[in-house]
Every structure is written in C-alpha cells, then in structure tokens.
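What follows is one structure encoded as structure tokens, with my remarks underneath.
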There are 2 protein chains.
Amino acid sequence: MNIEIINTGSELLLGRVLNTHQQWLCRRLADNGYETTRQVAISDNGEAIQAAVREAMDRARLVIVTGGLGPTSDDITRDKIAELLGCELHEDPGVVEHVRSFFTRRKRPMPASTRIQAMVPDGAEVIVNDHGTAPGLVMSFRDGGCLIMLPGPPRELRPMFAEKILPVIKERFPLGGGFACVTFKSTGVGESQMEELLQEPLGELVGRGLDLGFCARTGEVDVRVAARGEGAAELVGQAGEIVRRVAGRHLYGAEDDQLEEAVVALMIKKGATLALAESCTGGYLGHRITNVSGASAVLMCGMITYSNESKLRLLGVRAETLAEHGAVSEATVIEMARGARERTGADYALAVTGIAGPTGGTEAKPLGTVFIGLATAGGVGTVHRINSFDRETFKFVTAQQALELLRQEIVGSEG
Amino acid sequence: MNIEIINTGSELLLGRVLNTHQQWLCRRLADNGYETTRQVAISDNGEAIQAAVREAMDRARLVIVTGGLGPTSDDITRDKIAELLGCELHEDPGVVEHVRSFFTRRKRPMPASTRIQAMVPDGAEVIVNDHGTAPGLVMSFRDGGCLIMLPGPPRELRPMFAEKILPVIKERFPLGGGFACVTFKSTGVGESQMEELLQEPLGELVGRGLDLGFCARTGEVDVRVAARGEGAAELVGQAGEIVRRVAGRHLYGAEDDQLEEAVVALMIKKGATLALAESCTGGYLGHRITNVSGASAVLMCGMITYSNESKLRLLGVRAETLAEHGAVSEATVIEMARGARERTGADYALAVTGIAGPTGGTEAKPLGTVFIGLATAGGVGTVHRINSFDRETFKFVTAQQALELLRQEIVGSEG
C-alpha cells in the first residue's frame, strides 16, 4: 500500500523553516506498520498543490496533506483540494461554534477572518482541533482512497494525528493479521558492535520473519524490532527479551525516551541528588537535565566553571593541580567532581573538562580531548575520551558520555 | 525556471532521521535568487529513485539529488541515475587517488568497498569532496538541463554546495540582470509590529520592485529584502539603509547570525566579562554563550542555582527575600544578579528565575512567569515577562529576552 505525504508552505521552499512534519509523521506511521513511500513539499501555490495531490492520488491509497488550512490569504489547501475533487464547500456550524468558543475561552474577540476555517468540503469528515481552530479533514477518493488534511502548526498536528487520525487510518486500512514494533535506545556502544551483539542471538527469529533494524546517530544507536502478520506481537515480544538480555546494559529506554529522562527517573526513584561542574559543556548538561519535568527534585545546582579562576574559587581545585596538569586533565576533573560534591552536599557530582575547539588543541591533548569525573560516596571515577567533532556535536557526545557514566553508576549500585 | 530537490534515504521515510538538507539547500538557493519549486523524499529503492528523477527532469531544468553515493549496498543513487540517463560508468583515477589519500591521512587502511565511490557516469563532471570520500557529480540532460548528485552527510554536502556547486549553478543558469538579497535578524519585537515599522518607509522601494518578506519564529523575526534585475543591488542597499535606520535597535545581525554570537562579539570588543546566575533556564544560557567560539574570553562562570539553598549559598540571596517574595520574584532576581556580579568580579551578571512548568504556577504567578536581572556597575535592571510555552520553548524565549537585555545595555552604553 502506497502512502504519500504532501507538505505545503512557501516558507519551506524558501528554506525559512525546517520541515519537522515529515520525520514525525513517517515515524508514527512506520511504528504502526505503515510505510510512507514518498514525501513532497510544495509552495502555497494553487496549481502546484493540485498537481502534487493529483499525482499522489494516482500512486497512493493514503495521501496526507499538511498546512494551508488557516485563516490567512495564503491558506488555500482546503479550497484547491475541494476544487480538484469537484466538491462544493459549506459552512459547518460545529466548527463555527468551536472557533467561537476557542476565542471566548481566551477572552479575546473572534476575528471575522477566522470563520473561513469552518468552510468544509461536502462529504468530508471533520476532525475537531483540540489545540487550535482549523479542523482536520478526511475525504475519500476513487476506490477506497483516503485523503487527509492536517493543520500546519506542530502543536495542533501532533496530538490530532496521534489521537484522532491514526484510529481512522487503522480502521480504513487494517493490517492483515497485525503488526508489532519496538524501538530500543542505547548509548555508549557503536552500531557495528550492537549489530555483532544481536545478529546471532536474534538469527532464528529473523528467519521466522522478524525485521531487525539499526539506526545510528552520533552518540546513540536505536535497535528496532518489528514483525507483521499473525503472531507478530509474540515474535516482537521474544525479540525484546533477547535484546534486553544480551544488550540490556547499554539500553536506557525505548521509543521516544531521552537519556536525561532515564537518568532523572532513576535518581528520583533512588531519592538521590546531583551537582554539576561543567567546563567545556558550558551549561549544556544542566540544560538537558532541566529539560526533564521533575528535575528540581534531583538537581541541587550546577557550576559552569569556564575560567581557571572559577575552578579555584567555586570548586576548590588547587592552583598546583592546574599548574602541573592543566585545566584539561584527569587530576583536575577529579578535584572538580570532589569539590562540587563536598561543597554542595549532593549524593553525586558530575564534572566535565575538555577542549571543544575549534582552537586550543596540542599534540598531547588534541582537539576533542575530554575528561569526565563522577564523585560518589565511594570516591571519584573518571573517563577519558577524544570527541573530535564540531563544537555542538562535541557537547552532545560529551554530555551523552557523562550522563551514561552516571546512569551506569546508579544501575550498577542497584544490581 | 523550475528547480527540484530529491532526497534519497529509507531512514527518511521511516522517520528515523530529520531531513535538514531541504531547508539548508532551499535557503542557499533562495538567497542566491533561485527558487525551489518542489522537494521530494524517497526510499533507497531503484524504481522509486528512477521514477522521481524522471518526473523531476520532465518539470525542472535543475535537479539536485542528495544521498546514496557512499560505499554500502543501499547506496544506489549513482548507478540508478546512470542507468536512467543511459550512461555507462567508468572508474575515475582522480577519485581513486582521493579516496586512497583520505585514508592515508587518517592512518587507516582503505577498505576495498570504498573504491566503488570512484565509479563515475560517462560525461559527468566530478566535484572533489574535501570533507569525505564520495565525489559530487554534475550531469547534463536534454536542452541545458542539469542534474547534480551530492553526498548525504551534511558536513560533506554543505561545504561542497557552498564552495563548488553554487558557482556551477550560477554559470549554467545566469540570472538576467542580477539578484540581491539581505536577511536581517531581530528579536524583542513581534512580526506585526515589525511590519508596521517598515511598511510605510519601504513603500516606495516596494513600488519599484523590492520584495519585502517577514518570517516569524518564536522569539525572533527575520526581515528579508530582495530584488531582481538591473539595479537590484542598489535597491536592496537602499532598503537595507532604511531598515537599519527605522528598526536598527531591534536588529542583532544578518543572514545566519545568532543572538549569542552578537552578544559575545560585542563583549569581546568592549573587553567586558560576564557571569550567569540561572534558575529556570538551567544552564541553557551558558550553553548558548559557550556555543560561540571565543566565549572563554567573556564568560567567567555561571551558576545554575536550581534549589533555594544554592541561591543562598552560591549567590548570597537572603533567606528573608526568598521567604517574603518567593524564589520567582523581582526582589530575588535582583539579589541573584548582584550576588553573581560581586562574587565573581565580572563586569556584567545576568540572572534568571521563573516557572518553566508544566507544574508550579499560581494565580499571582502563572506558568511561564519570568524575572530577568542584569547587574552592571550602575545597578541592577530587571525585566518581567510571562512566557507561556512548553518547557523547551520557554527556555529559548527566556534566553532570547535575557541576551537581548544584555545586548541593549552594551549597545546603549556605547551610543
């Protein structure tokens, strides 16, 4: 079954905004057993929209169109598609009421222009927008084809798709015999190493139809197991058990889990507190941890000790240590971690020092050199890495290594 | 002139990676006077690639294909396009030598599989890859049509396109009479306010053919002025003068400038130092500032004072202030900023406290409440905002406001 996604918006073709809809929608579809065969982006231009939709309907049974449903003059998707399908538009009283109450709840007058969003092609199923005004629209074409229009703003599109559109797709295009899929998330191990770990233990299940996939991004590897047809759930369940048994120590979560979420959840469960001492990551570790709701129960404080003086003053690193070993050294990171833990009274203190670049490398300590220290009641453990990347990737990879060091410590101390 | 971009990669259609090529390429093309008319993403599937390229060549004079030029078995773009165009492949000795020396420089053996990247369709122009092994390829079709293949990794594609492909496009498709374009970047002012400021002063130039566009993202508004034909550069130059005169105080830069880059550059020029005291932004301000190469000359240290205790201990906020006004208050942010400045000896100290959500709001201090304080030799200035967004957008918008407060202070003290 062919599925095509059409993203409308002149700002996409001028490169003013990043198209995040494609990845998000493709991912949700794939994880529910539906593979997108093509994605197209076009301007807010009537002819271009109609041409793209016409071609997509020729090839695909499911066509999803995003954007152009709002109240401004360049929002023409609804009209152009109705015209293409030979439908008249009518005003839907339910949508008028929804738009009106949307503004009433926000204590704002309803702009007259917004009423146009209640114009609905004859025969279209109206999907109420719980996070905005423009509804989603589901239409049929030819023999069982389905065309779905979704509003452009991600905070409207995403919940609408997950809660209301996916059930429609599943009902209209049932998967014969079922589908199951799990994605495991890992860090600290390369793609080929993960492949080697799993290939043999999963070999028999792959022979029985298991689809095993790896996706490596810098600092992370996803392992995806999926199956179709009868017994899919059982096959994926067995695969999951094997993945957890063989590679469990590298897995921090599944699906959309983030490493920082896993770390914060583990620390909350343990009732433990954390302090940070960041040099080269410059606050990025603190940023990631505080992106997790509930982090205030865990993070006591962080110190971004970018200058040598601040390492002395805020963390109590000794001047001799800096003079003898340099700011980027194992000796310094040990004193940073120990100082942060002792001065804050936190259970754990994570310290990072390194050379982010693009300048500052030497023969002995090349660009990308990183020392990470973790202070616990039992002492300070350290890790030494060379992360030769651009500045932002360097920060990300270094933070992954630091968070993973902490996660392994907590998991290890429990097991 | 129609331009189409085709992004190949099964991982795109499975939603495992975000397609950043589209925005990046569309932006570069648009800023050089070339508007992309369609972008398509397809899997690493021979038929799908050939169908997409065939259709694009029917519509467009310039077709850019990304991905699938590497050494693994799913890298089939080069072969499939050569087949479609009826070309044989031959091994290019220059590319073999390039691949060999790429591995020699890295002191690694050259894997046999990588030699396939030297296979080049007959008649193709070879574009050497300065940051990887697979070359770019420029081919001709029909009457002056041009098909360009680019390697998929962004750190290879971007410099190759900017340095080597754009000149080819400009030579093959000269713009009649010229093209000029400038994008100004602003913060602290809404899209409609910016439109109101500029509409009238630029009215006459718009009448003479100036293309005036606004692009609003949360916390930022871009102003783009462009013109085509003879006198384009002069028209855009005049427009730029007017934009700077009328809206100059809101502009922090142009093209790809970031607000944090502007702030660090201003501080380096002034020889001034900075300290940070972050509560709700949790290190994100420090992260942004340390993303700028050279930030170590400016940033002395940052304190992520997430807990009340750390506000007392690290910054010297008084317990009575916290008890009487709360951690999220103007009184507290004043003491945070003053404490950070006095304790570090920095010229400027920027402090932030607020309620990021999703929990913790009250009637008097709703979710999104933020107080920002800037301590200077002259005292502490504050800003109070309600940033009602999800957690990450909240952090971004709050950091924009804090950086802009600092930028305005420095610019103001100079003027």
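Laboratory data are not the source of any read-out in this text; all were calculated from the coordinates shown. Quick caveat, the model's predicted, so the values are computed rather than measured. Note that we place each Cβ from the backbone using ideal geometry, even for glycine, and neighbour counts take in every protein chain shown.
What ranking, highest mean first, results for peptides B:215-227, A:336-348 when packing means the other Cβ atoms within 10 Å averaged over each residue?
Put in order of decreasing packing, that is A:336-348, B:215-227.
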Mind pulling the angle between the C-alpha long axis of helix B:330-344 and the longest principal axis of chain B? Nearest 10 degrees, somewhere in 0 to 90. 80
Which pairs, out of A:LYS185/A:LYS395; A:LYS107/B:LYS365; A:LYS185/A:LYS269; A:LYS269/A:LYS395; B:LYS311/B:LYS395, put more than 23 Å between their alpha-carbon atoms? A:LYS269/A:LYS395
Mind checking the angle between helix B:93-105 and chain B's longest principal axis? C-alpha axes, 0 to 90 degrees, to the nearest 10. 40
As an exercise, use a Förster radius of 56 Å and the Cβ-Cβ distance of B:ASN2 and A:GLU234 to find the FRET efficiency, rounded to the nearest 0.05. 0.65
Restricted to chain A, the DSSP antiparallel beta bridge percent, nearest 5, is 65
Can you list, shortest first in nanometers, how far B:ASP211 lies from the same residue in the other copies, with each label 7 Å from Cα toward Cβ? 4.1
Can you list, shortest first and in nm, the gaps between the label point of B:THR104 and those of its counterparts in the other copies, using a point 7 Å from Cα in the C-beta direction? 7.8
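Among the DSSP beta bridges whose two residues both lie in the range A:259-414, what percent are antiparallel, rounded to the nearest 5?
60
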Mean separation of Cα contacts under 8 Å, 6 or more apart, over the residue count of chain A: relative contact order %: 10
Based only on the alpha carbon positions, what is the Kirkwood hydrodynamic radius of the range B:314-394, in angstrom? 13.0
One decimal, nm, nearest first: from B:CYS87 to the same residue in each other copy, label points 7 Å out along Cα→Cβ, the values are 4.5
In the neighborhood of B:ALA134, defined by Cβ-to-Cβ distances under 9 Å, what is the net charge if each Lys or Arg adds +1 and each Asp or Glu adds -1? -1
Can you give the calculated 222 nm mean residue ellipticity of chain B, where each DSSP H run of n ≥ 4 adds -39,500 (n - 2.57) and the sum is split over every residue, rounded to the nearest 500 deg cm²/dmol? -12500 deg cm²/dmol
Whole-percent pair-distance distribution, where bins are 5 Å wide, for the alpha carbons of the range A:3-172: 1, 8, 19, 22, 22, 15, 8, 3, 1, 0
Among chain B residues, which Cβ is nearest the axis of the B-onto-A rotation, and at how many Å? B:GLY283, 2
About the Cα centre, charge dipole magnitude for the range B:259-414 (Lys/Arg +1, Asp/Glu -1 at Cβ), debye: 200
Relative intensity, log₁₀ I(q)/I(0), of chain B from a Debye sum that treats every alpha carbon as a point, q = 0.10, 0.14 Å⁻¹: -0.87, -1.15
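Summing Lys, Arg as +1 and Asp, Glu as -1, what charge do residues with Cβ under 10 Å from the Cβ of A:ALA277 carry, A:ALA277 excluded?
So the surrounding residues net to +2.
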Peptides ranked, highest mean first, by Cβ atoms within 10 Å: ranges B:18-29, B:111-122: B:18-29, B:111-122
Ignore the peptide's own chain and count Cβ atoms of other chains within 10 Å of each Cβ in B:32-42; give me the average, rounded. 5
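What ranking do A:271-284, A:88-101, B:127-140 get when scored by the average of other Cβ atoms within 10 Å per residue, highest first?
A:271-284, B:127-140, A:88-101
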Partner chain coverage, peptide A:306-315 - average Cβ within 10 angstrom: 5
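Take peptide B:146-157, look around each residue's Cβ out to 10 angstrom, count Cβ atoms belonging to other protein chains, and average those counts. Please report the intermediate quantities before stating the final value.
Numbers: counts 0, 0, 0, 0, 0, 0, 0, 0, 0, 3, 0, 0.
That works out to 0 on average.
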Consider a paramagnetic label point 7 Å from the Cα of B:GLU47 along Cα→Cβ; state which residues of the range A:1-42 have an amide N under 20 Å from it. A:1-5, A:34-40
Kindly work out what percent of the DSSP beta bridges joining two residues of the range A:3-172 are antiparallel, to the nearest 5. 40
If each part is reduced to its alpha-carbon centroid, the range B:218-293 and the range B:295-326 end up apart, in Å, by 29
Which value, in Å³ per residue, describes the convex hull spanned by the Cα atoms of the range A:259-414? 95
Computed on Cα atoms, the radius of gyration and Dmax of the range A:179-254 in angstrom are 11.6, 36
What Kirkwood hydrodynamic radius, in Å, does the range A:278-358 give when the mean of 1/r is taken over all pairs of distinct Cα atoms and then inverted? 13.0
Just the ratio, please: alpha-carbon radius of gyration of the protein assembly as shown over 2.2 N^0.38 Å, N its number of residues. 0.99
Could you work out how far the C-alpha centroid of the range A:376-411 sits from that of the range A:91-164, in angstrom? 46
